[in-house]
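Read the structure below first, then the notes.
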Amino acid sequence: MTKTWGVFFSVLLYGVLSFAIILPAENDLPALMLNQNDSLFFERGVAPGKSDSSLCGPTSAVNWLQLKSFQQPYSKEHLVELVREVGADLSAKNIDINQGLVEPDLVTFLKTLNRKLGIKQDYAIKGRYGSGVTIQEEDIWSPAVQILMLNFREIPRPLEPGLRPGRPGRNIPLPDDLMDRPLVRGNHFVLKVFADRDNKLLGVIDPENPSRFSLVRVNFVTSLTDTTPVIQLKPATRQDLSAFTFGVPLSWSLISIIEEK
């Protein structure tokens with residue numbers, strides 16, 4: 001399979017990667033991939049507010065579309081218009097794309113997008129909302145492009161004896177401890193574009209930072225009480241998933257996969 005220079009560089013660093021499609025060079029990503037906080041979303045009235053959106057799912061969907069056609073790419077204006085049009089259609093079904101979509105809603109978004117473009121394609125969900133279909137290790141290392149739903153949670157820091165007590169779970173009191181700030185947690189869609197099973201790495205396009213291939217390391221953790229392993233993910237470098245650090249330590253896990261049937 002032909003590989004672009006950006007991906008070839010990753011191969012040199014990390015070993016043999018599995019691809020389902022030819023990928024663009026990494027230095028071409030800024031011009032091709034849409035950021036979920038692109039100003040166009042706010043200028044065109046797709047997202048409310050001025051700076052932050054909850055469009056990680058729809059943005060990953062149109063970035064997937066762009067990835068398939070990057071040699072004859074859509075303009076970013078066209079991608080944003082597609083999100084606006086699909087969002088309007090979904091609003092009639094009581095699905096608000098600005099409220100953070102769950103997996104079945106994102107599948108509905110993908111199918112509606114495809115209908116507008118005359119594309120026939122169905123999707124499967126594995127993991128959460130997968131109707132009993134769990135995520136297997138082979139699913140993770142599949143070369144297929146997939147949308148992953150990640151969960152992130154702040155890691156509580158234990159209170160140590162002798163230190164001034166702060167908010168429960170911290171050993172270093174911070175100003176917001178006095179306001180009893182809740183632990184940071186949430187979900188986030190990313191687009192998986194390649195897998196490196198030998199080094200336990202996945203390459204993803206993060207809609208918060210789509211100008212690079214972000215790398216996350218996979219670890220399967222089992223417990224004595226649950227035979228189903230937790231699929232933990234760890235950003236491989238400081239730049240990976242950097243938009244989601246929030247200044248606190250986070251744990252990441254994979255909770256679902258959306259893939260083409």
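The values are calculated or read from the model by the stated rules, or taken from the named source; none is laboratory data. Fair warning: this is a prediction, and the values are worked out from it, not measured in the lab. Cβ sites come from the backbone with ideal geometry, for glycine too, and all protein chains shown count toward neighbours. Just so you know, the surface numbers come from the protein's heavy atoms only, side chains and all, with ligands and any DNA or RNA stripped out. Shrake-Rupley method; radii C 1.70, N 1.55, O 1.52, S 1.80 Å.
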Dipole size in debye (nearest 20) for region 192-261 around its Cα centre, Lys and Arg Cβ +1, Asp and Glu Cβ -1? 160 debye
Please find the FRET efficiency linking ASP28 to LEU117, where r is the Cβ-Cβ separation and R0 is fixed at 22 Å, and quote it to the nearest 0.05. 0.50
On the accessible surface of region 58-129, probed at 1.4 Å, how many percent belong to carbon and sulfur atoms? 45 percent
Mind listing the phi-derived Karplus ³J(HN,Hα) values for region 219-230, rounded to whole Hz, using 6.51, -1.76 and 1.60 with θ = phi - 60°, and x for any glycine or proline? 9, 9, 10, 10, 10, 6, 9, 9, 7, 7, x, 7
Give the peptides 31-42, 96-107 in descending order of average Cβ contacts within 10 Å, highest first. 31-42, 96-107
Please work out the average accessible area per residue across region 56-135, using the 1.4 Å probe convention, and give it in Å². 47 Å²
For the table LYS68/LYS261; LYS120/LYS200; LYS50/LYS192; LYS120/LYS192, the rows whose alpha-carbon distance is greater than 24 Å are LYS120/LYS200; LYS50/LYS192
How far apart, in nanometres, would the label points at GLN72 and LEU183 be if each is projected 7 angstrom from Cα along the Cα-to-Cβ direction? 5.0 nm
Row for region 75-127, column shape: gyration tensor on C-alpha, a ≥ b ≥ c, rounded if a/c < 1.5 i.e. under 1.5, prolate if a/b over b/c, else oblate; value oblate
Mind listing the long-range amide H neighbours of PHE189? Cut-off is under 5 Å, sequence gap 5 or more, other chains count too, H placed in the peptide plane at 1.01 Å from N. GLY57, LEU150
Could you tell me the calculated FRET efficiency between ASN94 and GLN239, based on Cβ-Cβ distance and R0 = 35 angstrom, to the nearest 0.05? 0.40
